[in-house]
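Have a look at the structure below, then the notes.
The values are calculated or read from the model by the stated rules, or taken from the named source; none is laboratory data. Remember, it's a predicted structure, so these values are computed and weren't measured experimentally. As a convention, Cβ positions derive from the backbone with ideal geometry for all residues, glycine included, and neighbour counts pool all protein chains shown.
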Amino acid sequence: MSREGRMDTVDLGMPAVRPQHASPSSHLRGTRGFPAAARDALGDEVLRGNLTYATATIQAKRASVVREMRDWQKLRDAGSALKWHVTDHLPELLEQLEASVTAAGGTVHWARDAEEAGEIVTRLTLERGAQDVLKVKSMATQEIGLNETLAHAGVRVIESDLAELIVQLAGDAPSHILVPAIHRNRAQIREIFLQAMPDIDPEITDDPAALAGAARRFLRERFLDMEQSVAISGANFAVADTGTLVVVESEGNGRMCLTLPRTLISVVGIEKIVPSFQDLEVFLQLLPRSSTGERMNPYTTLFTGVAEGDGPQEFHLVLLDNGRSAVLEDPEGRSALHCIRCSACLNVCPVYQRTGGHAYGSTYPGPIGAILSPQMTGVSDPEDPNATLPYASSLCGACYDVCPVKIDIPSILVHLRAKEVDQRREARGQFRGTWDVAMKGAGRLMSSPRAYDAAVRSAGPLSRVLPGENIGRLPGVLPLVPGWTDHRDLPHPGQSFRSWWAAREKHSAATDQQPGARDEPEQPKAPRSGSGTDRTAQNGGEA
Amino acid sequence: MRISLMPTCLVDVMTPDVARSTVMLLERLGHEVVFDRRQTCCGQMHTNTGYYKEAAPVVRSFVDTFESQLEEVDAIVMPSGSCAGCVREQHPLVARHEGDAELEERAAAVAAKTYELSELLVDVLKVTDVGAYFPHTVTYHPTCHSMRILKVGPRPLRLLRAVEGIEVVNLPQSDTCCGFGGTFSVKNDATSDAMVTDKAANVVASGAEYVVAGDASCLMNIGGKLHREHAGDSAPRAIHLAQILASTREEPFVPSGTILGRAS
C-alpha cells in the first residue's frame, strides 16, 4: 500500500487556536496539596462531626428515592448517552443555542476565561447603574470568583441561597457543590448571623426555623428593591433547540432573582447544553433524586429570552469556557464535563466524608472535583497542588456507582495519575522522586522472574532482624513505609508461600521417589537449563 | 480440575497462610493445584499509581507465565478481588497504553480463565458447602473491588453461611472502603488512617471474633489497625475467606500472633 495515496491526518475542524486552561485567577486550585490540607481538616473534630452527620443524612435520602425507581439504570444510561452526544457535538450545539437565545430576545456573550467573563458581567452591571446585585447560587460564578471581581468594581453582591449566604457572611468558601455550608452546624450558623447580619434579633436561637426566618427577612428586603436592578445566575441546563435556560433550586429565592429584576445575566459553562427540550425529562428525574434526595425538585425555573411585561426585560447569557475545551481535548478524561453537579459522589465518598471540601482547594471538591479541577487548570509541574488531586482517592468506586450520568470517575483518576507520571517522565530531570525510584525498581524486579523469586525467598530470613510477630512503628527516615506503620501494624514476613511450596514439592518428590530412587533424590525439580525459569508444581502434593 | 494458583505478590510475601489455605481447600475438594514460580505480580500497584510504563513489563511477565499454562490448566485462581479485577480490567488498558494490540489480546485470553476465589468455587467448581468447620462469630467486609469491579455479590456470604458452626453477624457500614487503596494508604496516610480507624471501630462494634474478606490487602489494613488500636485477647482479628474455608474439624484454623497468620 502506498503511503502517498493515504491521508494521514483528517481535518476534524478543530480550532486553529489550541484550547487554553482555566485562568489562574479562577477558584480551581488551592495553595497546598491535598495530603497536607486533608491532614489539617481531619484534625478538626467539629468539622468531622458536621460532615459525618450531613453526608450520612443526604446519602440515605438519595438511596431511598433511587431504590424506588425501577428504571434507574436505564435513566442513567439515557443521561450518559445524552451527555456523550453533547460532548461529541458541542460546537454545533453551542451555535444552535446562541441562535435560539438571540431569536428569543436574549444577548449571548462568549467568555474564554474567568477574566473575560468577569469583565463582561462587570461592564453590563455598571452600564445599568446597579450598586447591588442579587445572586442565584451558581457554581460557574464561584469558579470564576465573580463576587470578588464585582466587589473590586464597587458592586455589592448578595447571595440569595441560604447556605451560600451563610458562607458569604462568614467570609468563608463553599465546601460542597449542593450544600456550600455543609461544614457548619446550626450553632456556628447562629454565630455567623449574629456577627454579620444587620438588624438581627440578638436573642435568636439556633433553631433551624428561626435561622431561616432571619435569612428570609434579610433577603426579602433585597428582593423588594429589585425593579430597576440586576440579578446574576448560572444554569443547570441550557436547551439548544429552544434557547431555554433551567435553574433547579430548593428555596424559591432563585426564582425571585430570576423573575423580579429588570436585567438578568446568566453565566453558564459551555458543557451545560442539552440538545432538545425533551431531554430535560431525563435530567429532571436524575438530578433531584441524586442531589437532594427528592422525587421532584421544588423550584424548577425555565426561562427563554425575554417576554414583554413578564420577568426581566433584558437577558444576557455569558457562555464560559475557562478550561472546558481543554478538558474536551482528552478523550479519556472528557466525560468529567458530563457532570450535572448533583454532588452524590461527594456524599458517598469516604475521603470527602472525612476531609470535607476545602481540602480539595477548588470550587469543585470531592471525586468529581479531583478529576475536573486538574483537567481545567492543567497541571504544570509536580509541585502544583492540583497534581495531588487524582491521588485523593482510594479508588473504591462508590462515586461511579452513584453518578447519575455514569462518569467513570475511578478510571479517569487513574488516567490522570498516568498522565501526570508520563508528563514528569518526559520532563528532563523530573523523574527521580522517591515514588519514581521505588516504582522503577519494583517494576524491574517484578518483570524479572528469577530475580524476583530470589528476592521473595530472602524476604522472610531478612526480616528476622526485626523483633516480634508484627512490625510496629518504623522510623521516619525510611522511605514510604512509615506512612503505613505510623497508623497500623504490619505482619512480619515469615516463610514466603513460594518457599513453603518449594519445600513441600521437594518433600513430596522425595517421598514419591524413595523406593528405588536412583539419582539426585534431593533435587528432583531443579531449574531447567536455558529456560531461566523453573516451573515447579506439576503434581497435586501430598494427601 | 487442574487449577493454577496466583497467590498475589502481597500474599506470597506478607500473608502466605492465605495461599496455603487456598491450596489446602482446593486439594481437599479433590482438585490439583499448580504453582508457577515464574509469577511475580499482576501490576496493579504500578497501574493504579499511574506508572503504566513500568506496569507494562510486569503485565507482560504475568501474561507470559500464565499463557504458557492455558492449555494445561482449567482455571487460574487469585485469592484477591482486587488483583483479579486488575487482570480483567486493567491489563488490556495497560497494553493499549503501550500500543501493544497483541499483548492486549493475549492478556484477554489469560483473563478469561482467571477467577477470584469465591467466583471459582461458586461459578466454576459449583460448590457452596466446602465442608468447612469454623465455630466462631465472623463479620464480612465485602471489599470495594470484589463488590464493584468483579461484582462477586453474595458468593462469599453463601460460602460462609454454609460453614459448619459459623455465625455471621452484620458489619455496620460494611460497603464503605477500609482506606487501603494501595499506594493511597501511604500517599494520603492521614486520610487512609481516618478511614481504617472507622472500619476497625465498626468491626469491634459488630461483636464478631473475626472480620473476614476476600482480599488480603484490605485485611492487612484492617487487621493492622485492630492489632495497633484494639489489642487484647478479645479483640477481633482479620481472617481471609480462604482461611475459614480451609478450616475443618480435623485441622481447625488456629491464629498465630502475626496478622493473618496461622499457628503452625
- Taking only region B:146-163 into account, find how many residues are in contact with a strand residue (DSSP E or B) (Cβ under 9 Å, 6 or more places away or on another chain) and in contact (Cβ under 8 Å) with a residue 40 or more places away in the chain. 6
- Message: Return the residues of region B:211-235 that are surrounded by 24 or more Cβ atoms within 10 Å (Cβ to Cβ) and either among the acidic types (Asp, Glu) or more than 15 Å from residue A:490 (Cα to Cα) (or both); say none if nothing qualifies.
- Response: B:211, B:212, B:213, B:214, B:215
- Determine whether region A:430-444 contains at least one residue that is closer than 24 Å to residue B:17 by Cβ and either more than 9 Å from chain B (Cβ to nearest Cβ) or in a loop (DSSP other than H, G, I, E, B) (or both). no
- Query: Going by the conditions given, is residue A:408 surrounded by 17 or more Cβ atoms within 10 Å (Cβ to Cβ), at pLDDT 90 or above and more than 29 Å from the chain's Cα centre (by Cα)?
  - Reply: no
- Message: Quick check on my filter: what residues within region B:181-196 are out of contact with any helix residue (DSSP H, G or I) (no Cβ under 6 Å at 6 or more places or on another chain) and either more than 8 Å from chain A (Cβ to nearest Cβ) or at positive phi (or both)?
- Response: B:181
- Item | In region A:399-424, the residues that are basic (Lys, Arg) and either closer than 24 Å to residue A:281 by Cβ or touching a Lys or Arg at 6+ places or on another chain (Cβ under 7 Å) (or both) | A:406
- Note on the structure: From the option list B:206, B:185, single residue qualifying as under 27 Å from residue B:116 (Cα atoms) and free of Cβ contacts under 8 Å to residues at least 40 places away in the same chain is B:185
- Message: Scan region B:191-209 and tell me whether some residue there is surrounded by fewer than 24 Cβ atoms within 10 Å (Cβ to Cβ), outside any helix (DSSP H, G or I) and of a type outside the set (A, V, I, L, M, F, W, C).
- Response: yes
- Query: Given A:289, A:255, A:222, which one is among the charged types (D, E, K, R), assigned to a helix (DSSP H, G or I), touching a Phe, Trp or Tyr at 6+ places or on another chain (Cβ under 7 Å) and touching a residue at least 12 places away in the same chain (Cβ under 8 Å)?
  - Reply: A:255
- Query: Residues in region A:453-460: is at least one in contact (Cβ under 8 Å) with a residue 24 or more places away in the chain, in contact with a Ser or Thr (Cβ under 9 Å, 6 or more places away or on another chain), crowded, with 20+ Cβ neighbours inside 10 Å and facing another protein chain (nearest Cβ under 9 Å)?
  - Reply: yes
- Task: Kindly indicate whether residue A:397 is within 11 Å of the chain's Cα centre (by Cα), modelled with pLDDT of 95 or more and under 22 Å from residue B:185 (Cα atoms).
- Result: no
- Query: In this structure, is residue A:282 touching a strand residue (DSSP E or B) at 6+ places or on another chain (Cβ under 7 Å), buried (at least 22 other Cβ atoms within 10 Å of the Cβ), β-branched (Val, Ile, Thr) and not in a loop (DSSP other than H, G, I, E, B)?
  - Reply: no
- Message: Being at pLDDT 95 or above, buried (at least 20 other Cβ atoms within 10 Å of the Cβ) and assigned to a helix (DSSP H, G or I) is the requirement here; does residue A:93 meet it?
- Response: yes
- Message: Quick test for you: out of A:442, A:392, pick the one residue that is in contact (Cβ under 8 Å) with a residue 24 or more places away in the chain and crowded, with 17+ Cβ neighbours inside 10 Å.
- Response: A:392
- Query: In region B:36-55, how many are at the interface with chain A (Cβ under 8 Å from one of its Cβ atoms) and in a helix (DSSP H, G or I)?
  - Reply: 8
- Query: Hey, among B:263, B:246, which residue is hydrophobic (A, V, I, L, M, F, W, C) and in contact (Cβ under 8 Å) with a residue 12 or more places away in the chain?
  - Reply: B:246
- Within region B:163-180, which residues are buried (at least 24 other Cβ atoms within 10 Å of the Cβ), over 14 Å from residue A:483 (Cβ atoms) and within 7 Å of chain A (Cβ to nearest Cβ)? B:177
- Picked from region A:305-327 (must be in contact with a Pro (Cβ under 7 Å, 6 or more places away or on another chain) and surrounded by fewer than 24 Cβ atoms within 10 Å (Cβ to Cβ)), the residue farthest from residue A:414 (Cα to Cα) is A:306
- Message: Quick check on my filter: what residues within region A:141-170 are under 24 Å from the mean Cα position of the chain (by Cα) and without any contact (Cβ under 8 Å) to a residue 24 or more places away in the chain?
- Response: A:147, A:148, A:167, A:168
- Which of the following residues is β-branched (Val, Ile, Thr), more than 7 Å from chain A (Cβ to nearest Cβ) and within 25 Å of residue A:504 (Cβ to Cβ): B:63, B:77, B:87, B:33? B:77
- So how many residues does region A:139-163 have that are crowded, with 21+ Cβ neighbours inside 10 Å and of a type in the set (D, E, K, R)? 3
- Task: Hey, can you tell me all the residues within region B:97-148 that are within 30 Å of residue A:332 (Cα to Cα), among the polar types (S, T, N, Q) and not in a loop (DSSP other than H, G, I, E, B)?
- Result: B:114, B:146
- Query: Can we say residue A:219 is crowded, with 19+ Cβ neighbours inside 10 Å and either of a type in the set (Val, Ile, Thr) or farther than 25 Å from residue A:320 by Cβ (or both)?
  - Reply: yes
- Output yes when any residue across region A:173-184 is loosely packed, with under 15 Cβ neighbours inside 10 Å and either in a loop (DSSP other than H, G, I, E, B) or modelled with pLDDT under 95 (or both), and no when none is. no
- Somewhere in region A:56-72, is a residue in contact with a Ser or Thr (Cβ under 7 Å, 6 or more places away or on another chain) and surrounded by 14 or more Cβ atoms within 10 Å (Cβ to Cβ)? yes
- Item | Tally, over region A:296-325, of residues that are among the charged types (D, E, K, R) and not in a loop (DSSP other than H, G, I, E, B) | 3
